[in-house]
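K.L.:
This is the structure, below, for whatever I ask next.
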Amino acid sequence: MKFIYIVLALFVLSSCDSQLEIDAPSELTYNGFWESENGARAAHSGLYGTFRGAANTFWVLGAIRSDVWGGQTFESPFYQDLIESNITVSTAPFGGWGGFYSRIHKLNDFIQNVPNIEFNNPEDKEHMLGQAYGLRAYYYYTLLKTWGPVPISEEILNTTSPDGLSKGRSSEEEVMQFIKADIQRSLDAFGDDASFWNGNKNYWSKAATLTLKGDAYIWSGNLLGGGNTDFTEAKNALEQVGQIANVGLVESYTDLWGADNENNSEFIFAIQYAEDEAGNFYNAFTGRSTEIWPQFDEDGNSMEGFIIAGSNRYGPSEKTLLLSDDNLDARKDQTFIRLYSDSNNGAGYPNYNANKYFGSVLNKFLGRVDGSVRIFDSDIPVYRYADVVLLMAEAKNYLGEDPSSEINLIRERAYGDDYDPAIHAYSNGSKAENTEAILNERYIEFIAEGKRWWDLRRAGDQYVIDNVEFLDEGDEYKLKLPITLDMIGRNPLLEQTEGYE
């Protein structure tokens, strides 16, 4: 009977949530699951499995509607309606809040039950709670950025009463206050412990919470009226990240990618993938050998023999190709393998040639080749220290300070020995000029890492309208997604997102 109650509760809150797990930790309470440290550790591991299950959703929400994608593909593209912002109530994507509430429910179970369990090492318990609060804040921050007002649920769902199950949408300000409270709870639980769980950056950490704090407080300061108070909090949090051991920029951009580099000093929190456990979704940014082999790379080399068995559903926009088309910048070749229909008599096409361009293979997360098979087991960074540096630039800019040192730190790393301050260095400008420079640097730095849409949104509505060709003045309401009519039918306390009524 308890199991039925839990499923019903999740179904009402999440509506058509297809991500429901039937082994919710609270259902196991009556079997003694939450009475032992072993049970808590098992639930802790499960939190990361469910987070990984949402990785593609996180990416789509943070990237696909931006100006980075929508270019030429070998096959029919995914999410074309979202790319073009063809969004209505009847076609609302991500029904059931994208499946996030079933994951939040597991965290609520964990947060409520773990404090009552005796651990052999109490510091382990506090670290795990710090992780849980940080993860919950991250989920709610994603919900806020996507839908604006959303329901807040922090209790275990164990009632069959419709009155108890239905929740209205809390205001954006209320949701942000909850996010800030969870961030503080996370920091309180971590205390002075800035270590990475088992030395592994695939787990949330104090560094991750501080990075999230910088991110969320800039959003709050710029979009929710927090102003300089929030910008100062963001700056202070981001400064603390740089003081944590084994956190900082790696020397070369090329040192960020590949199986040998996955626990590098720059990754703060990354989603883990491993052979025979789970593969990432980046094979959809590649293609099939039958499509790729007849083509040539930009150096004029034949692609025949390139080992691949994916699909090509996402294509970089021409804007992306042009903005990143700098042969002295290491990020160009590390991001894409640009394909052309001929070799240009062996000379290749060192710069973008629209007439001969065939498409691109994403190079960042290509995994590795094992014999005749490519395995897509690259870890996906959620936050890395370059994020911290450029978020710091944002915070400083909003506070009227000079952000050029942060921008130039990223540029120096990108150009390496070819860095020439007279050409590549940025000098402090107006607040608007600085914002554009930061946005452009983040654009190139984080291509395919699921950040550009959030970057534009965090800068302000006008930056989204000005940069995304499918949005015009008057479309500001489209920056948030509608909810499905089915969701409202199942939860009568829900109101449609403003602008979609």
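K.L.:
Given (1) closer than 30 Å to Pro492 by Cα; (2) part of a helix (DSSP H, G or I); (3) basic (Lys, Arg); (4) in contact (Cβ under 8 Å) with a residue 60 or more places away in the chain, identify the lone condition not met by Lys180.
P.N.:
(4)
K.L.:
Can you pull out every residue in region 409-434 that is open to solvent by 10 Å² or more (accessible area, probe 1.4 Å) and either in contact (Cβ under 8 Å) with a residue 40 or more places away in the chain or among the aliphatic types (A, V, I, L, M) (or both)?
P.N.:
Once the filter is applied, which keeps residues that are open to solvent by 10 Å² or more (accessible area, probe 1.4 Å) and either in contact (Cβ under 8 Å) with a residue 40 or more places away in the chain or among the aliphatic types (A, V, I, L, M) (or both), region 409-434 yields Leu409, Arg413, Tyr415, Gly416, Asp418, Ala422, Ile423, Ala425, Ala432.
K.L.:
Another question, then. Could you count how many residues in region 258-293 are modelled with pLDDT of 95 or more and under 22 Å from Met303 (Cα atoms)?
P.N.:
12
K.L.:
When you check Thr232 against the structure, is it outside any loop (DSSP other than H, G, I, E, B), surrounded by 15 or more Cβ atoms within 10 Å (Cβ to Cβ) and among the β-branched types (Val, Ile, Thr), yes or no?
P.N.:
yes
K.L.:
Then there's this: What strands (runs of 3 or more DSSP E) lie completely within region 344-417 and have 2 or more residues being more than 22 Å from Val60 (Cα to Cα)?
P.N.:
Answer list for region 344-417: 357-362, 368-370, 373-375.
K.L.:
Among the residues of region 346-357, count how many are in contact (Cβ under 8 Å) with a residue 24 or more places away in the chain and open to solvent by 60 Å² or more (accessible area, probe 1.4 Å).
P.N.:
Residues flagged as in contact (Cβ under 8 Å) with a residue 24 or more places away in the chain and open to solvent by 60 Å² or more (accessible area, probe 1.4 Å) within region 346-357 amount to 3.
K.L.:
I've got another one for you. I need the full set of residues from region 240-261 which are in contact with a Leu (Cβ under 9 Å, 6 or more places away or on another chain), open to solvent by 40 Å² or more (accessible area, probe 1.4 Å) and in contact (Cβ under 8 Å) with a residue 40 or more places away in the chain, in order please.
P.N.:
Leu249 - this is the single residue of region 240-261 that is in contact with a Leu (Cβ under 9 Å, 6 or more places away or on another chain), open to solvent by 40 Å² or more (accessible area, probe 1.4 Å) and in contact (Cβ under 8 Å) with a residue 40 or more places away in the chain.
K.L.:
What number goes with the only condition from (1) under 27 Å from Asp379 (Cβ atoms); (2) more than 23 Å from the chain's Cα centre (by Cα); (3) at pLDDT below 95; (4) open to solvent by 20 Å² or more (accessible area, probe 1.4 Å) that Val7 does not pass?
P.N.:
(1)
K.L.:
All but one of (1) closer than 24 Å to Glu262 by Cβ; (2) surrounded by fewer than 22 Cβ atoms within 10 Å (Cβ to Cβ); (3) under 22 Å from the mean Cα position of the chain (by Cα) hold for Phe336; state the number of the condition that does not hold.
P.N.:
If we test Phe336 against (1) closer than 24 Å to Glu262 by Cβ; (2) surrounded by fewer than 22 Cβ atoms within 10 Å (Cβ to Cβ); (3) under 22 Å from the mean Cα position of the chain (by Cα), just (2) comes out false.
K.L.:
Consider Leu322 carefully, then state whether it is assigned to a helix (DSSP H, G or I), closer than 23 Å to Asp418 by Cα, open to solvent by 40 Å² or more (accessible area, probe 1.4 Å) and hydrophobic (A, V, I, L, M, F, W, C).
P.N.:
yes
K.L.:
At least 2 residues that are of a type in the set (Ser, Thr, Tyr) and in contact (Cβ under 8 Å) with a residue 24 or more places away in the chain in each: list the helices (runs of 4 or more DSSP H) lying fully within region 79-158 that qualify.
P.N.:
In region 79-158, 100-113, 122-147 are the helices (runs of 4 or more DSSP H) which contain 2 or more residues that are of a type in the set (Ser, Thr, Tyr) and in contact (Cβ under 8 Å) with a residue 24 or more places away in the chain.
K.L.:
Just need a number here: residues in region 85-102 that are out of contact with any strand residue (DSSP E or B) (no Cβ under 8 Å at 6 or more places or on another chain), buried (at least 18 other Cβ atoms within 10 Å of the Cβ) and not β-branched (Val, Ile, Thr). Lay out the reasoning, then the answer.
P.N.:
Within region 85-102, the first condition is being out of contact with any strand residue (DSSP E or B) (no Cβ under 8 Å at 6 or more places or on another chain), and the residues that meet it are 85-96, 98-102.
Filter again for buried (at least 18 other Cβ atoms within 10 Å of the Cβ), leaving 87, 92, 94, 96, 98-102.
Narrowing further to those that are not β-branched (Val, Ile, Thr): 92, 94, 96, 98-102.
The qualifying residues number 8.
K.L.:
Still on this structure, please answer the following. Just to verify a result, which residue in region 286-312, among those that are open to solvent by less than 20 Å² (accessible area, probe 1.4 Å) and outside any loop (DSSP other than H, G, I, E, B), is nearest to Leu366 (Cα to Cα)?
P.N.:
Asn312
K.L.:
Sort out which residues of region 465-497 are open to solvent by 30 Å² or more (accessible area, probe 1.4 Å) and touching a Phe, Trp or Tyr at 6+ places or on another chain (Cβ under 6 Å), and write them in order of number.
P.N.:
If the condition is that a residue be open to solvent by 30 Å² or more (accessible area, probe 1.4 Å) and touching a Phe, Trp or Tyr at 6+ places or on another chain (Cβ under 6 Å), then Lys480 is the only one that fits.
K.L.:
Within region 354-371, count every residue that is at negative phi and over 31 Å from the mean Cα position of the chain (by Cα).
P.N.:
Final tally of qualifying residues: 2.
K.L.:
Which helices (runs of 4 or more DSSP H) does region 443-494 wholly contain that include 2 or more residues that are at pLDDT 95 or above?
P.N.:
Where helices (runs of 4 or more DSSP H) fall fully within region 443-494 and carry at least 2 residues being at pLDDT 95 or above, they are 452-459, 461-467.
K.L.:
Note down all Cβ pairs under 6 Å where the first residue falls in region 490-501 and is without any contact (Cβ under 8 Å) to a residue 24 or more places away in the chain, the second is not charged (D, E, K, R), and they're at least six residues apart or on different chains.
P.N.:
Gly499/Tyr477
K.L.:
OK, next. If we scan region 150-167, do we find a residue that is at pLDDT 95 or above, out of contact with any Leu (no Cβ under 8 Å at 6 or more places or on another chain) and open to solvent by less than 30 Å² (accessible area, probe 1.4 Å)?
P.N.:
Checked against the condition, which is being at pLDDT 95 or above, out of contact with any Leu (no Cβ under 8 Å at 6 or more places or on another chain) and open to solvent by less than 30 Å² (accessible area, probe 1.4 Å), region 150-167 yields no hits at all.
K.L.:
To continue, here is another question. Just give me the residues in region 193-208 being within 18 Å of Asp387 (Cα to Cα), assigned to a helix (DSSP H, G or I) and either open to solvent by 30 Å² or more (accessible area, probe 1.4 Å) or in contact with a Phe, Trp or Tyr (Cβ under 7 Å, 6 or more places away or on another chain) (or both), in sequence order.
P.N.:
The answer is Lys206, Ala208.
K.L.:
Could you list, in sequence order, the residues of region 40-78 that are open to solvent by 30 Å² or more (accessible area, probe 1.4 Å) and in contact with a Pro (Cβ under 8 Å, 6 or more places away or on another chain)?
P.N.:
Selection gives Gly46, Gly70.
K.L.:
Let me ask something else. Can you tell me which residue among Trp197, Trp204 is among the aromatic types (Phe, Trp, Tyr) and farther than 14 Å from Asn246 by Cα?
P.N.:
Being among the aromatic types (Phe, Trp, Tyr) and farther than 14 Å from Asn246 by Cα holds for just one of Trp197, Trp204, which is Trp204.
The values are calculated or read from the model by the stated rules, or taken from the named source; none is laboratory data. Bear in mind that the values here come from a model prediction, so they are computed numbers and not experimental data. So basically every Cβ, Gly included, is an ideal-geometry build from the backbone, and we count neighbours across all protein chains shown. These area figures cover heavy atoms from the full protein model, side chains too; ligands, DNA and RNA do not enter into them. Shrake-Rupley method; radii C 1.70, N 1.55, O 1.52, S 1.80 Å.
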